[in-house]
Every structure is written in structure tokens, then in C-alpha cells.
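One structure is given below, encoded as C-alpha cells.
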Amino acid sequence: MERFFTDKRAPLRMRGCFLGGFLDLFAVRLVEVGYARQTIRRQLQSVVRFAHWLQTRDITVHEISLEHVKEYMEQRCQRSDKGVPFTLERFVRLLAEQGVVQLKSRCESRNPAAELVESYAGYLSRERGLCPSTIRNYTEYARSFLKFKFANNELTLAVLMESTQSRGRQ
């Protein structure tokens, strides 16, 4: 971690946070993916800020979930935080990979519209870098559209594709 910071005390301070023991592994993963030094430094700092936020809420390392990431981002929506949700999700998934946390599996009883809207929200966050309040607005509109368009029919990919293709032919 030392190679990402000019101030050699920074890694020591960061390792002092309650998630500090996982930061070196996270940095290694980021290097493997090909992130630049400056980007890795920002991502590590984001994880440390998230760790402090978790501590203020008395959330232990074993209780961390993706819902905490969502809540954290909703409370500090800033346009400059584009990649932070993705960074924190990646970190939480690393914790799950290491057996530190257990991520809840998706509920099989969810309806297709809810899954589609959730997938859309992920796209807006990861690919478009939109803040949580904007994502909420966009997904609410998508949810309303799907409810209106498919109120009497079951939503399947085939029905959705047919609906959009027939509209394009008009």
C-alpha cells in the first residue's frame, strides 16, 4: 500500500481503521485489474471513509452488507463520488470472498419487473456514475412505466422485446 501514497504515514493510519487489515489485499486486487496508482489511492481512501461511517453506527465487520453501501451513498450523494458505490461494492464482495461477511442471496420470489429495475439501477450507478437520488428518480420512472405497460401481462424478456419492436415499426 505504501507505493500509492507519498506520505508514508498514510498507510499506517489507514491500516488502523477497523477494515484496515483488508486494504492491502484490496490494493493488490485493484493493481491486478489495472487501475492507476492515483485511482487506487482514491479507492482506498473511499473504503476508509466508509469504514469510519460504519464505526459511527456500531456496525461490525461481520455485519457489513451491500445495503450499508447503498445507505452510505444515499447519505453522502455528491457528483464527484461517481465510482464510489462500485468501489465499495467491490470491497464488500472481497470481504465475502474472504469469508468475512455473508452476502444475502437474491430472493427467488422477486418478480421480473423488480429484477429489471434493480439491474437498471446497477447500470446507472456503475456505468453512468449517477448519484443515488438521481438513480431513485430514474428507477421510479422505469418502475411506473413497467407497471403501466405490463399491468395485465406477465413481464418477460420476450414480451418486452415484442413491445419495443412493435413500437419501432409504427
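The values are calculated or read from the model by the stated rules, or taken from the named source; none is laboratory data. These figures come from a predicted structure and were not determined experimentally. When we count neighbours, we look across all protein chains shown, and the Cβ atoms used for this are built from the backbone with ideal geometry, even at glycine. Just the protein is used for accessible areas: all its heavy atoms, side chains included, with ligands, DNA and RNA removed. Shrake-Rupley method; radii C 1.70, N 1.55, O 1.52, S 1.80 Å.
Considering Gly99, Gly129, the condition of being in contact with a Pro (Cβ under 9 Å, 6 or more places away or on another chain), of a type in the set (Gly, Ala, Ser), modelled with pLDDT of 80 or more and outside any helix (DSSP H, G or I) is satisfied by Gly129 alone.
Looking across the range 1-33, the residues that are among the aromatic types (Phe, Trp, Tyr) and over 24 Å from His62 (Cα atoms) come down to Phe4, Phe5.
Looking across the range 10-57 at every residue that is among the basic types (Lys, Arg) and over 20 Å from the mean Cα position of the chain (by Cα), the one that is modelled with the lowest pLDDT is identified as Arg15. Inside the range 25-48, residues that are surrounded by fewer than 19 Cβ atoms within 10 Å (Cβ to Cβ) and over 14 Å from Glu89 (Cα atoms) make up a count of 13.
Residue selection: His68 fails the criterion of being more than 11 Å from the chain's Cα centre (by Cα) and at pLDDT 90 or above. Give me a count of the residues in the range 73-96 that are modelled with pLDDT under 90 and of a type outside the set (Val, Ile, Thr). Qualifying residue count for the region: 13. If you go through the range 49-79 and keep only what is open to solvent by less than 100 Å² (accessible area, probe 1.4 Å) and assigned to a loop (DSSP other than H, G, I, E, B), you end up with Arg57, Ile59, Thr60, Ile64, Ser65, Arg76, Cys77, Gln78. Here the range 102-126 is the region considered, the condition is being among the aliphatic types (A, V, I, L, M) and assigned to a helix (DSSP H, G or I), and the residue that is modelled with the highest pLDDT is Leu124. Residues of the range 11-24 that are without any contact (Cβ under 8 Å) to a residue 24 or more places away in the chain and open to solvent by less than 10 Å² (accessible area, probe 1.4 Å): Pro11 alone.
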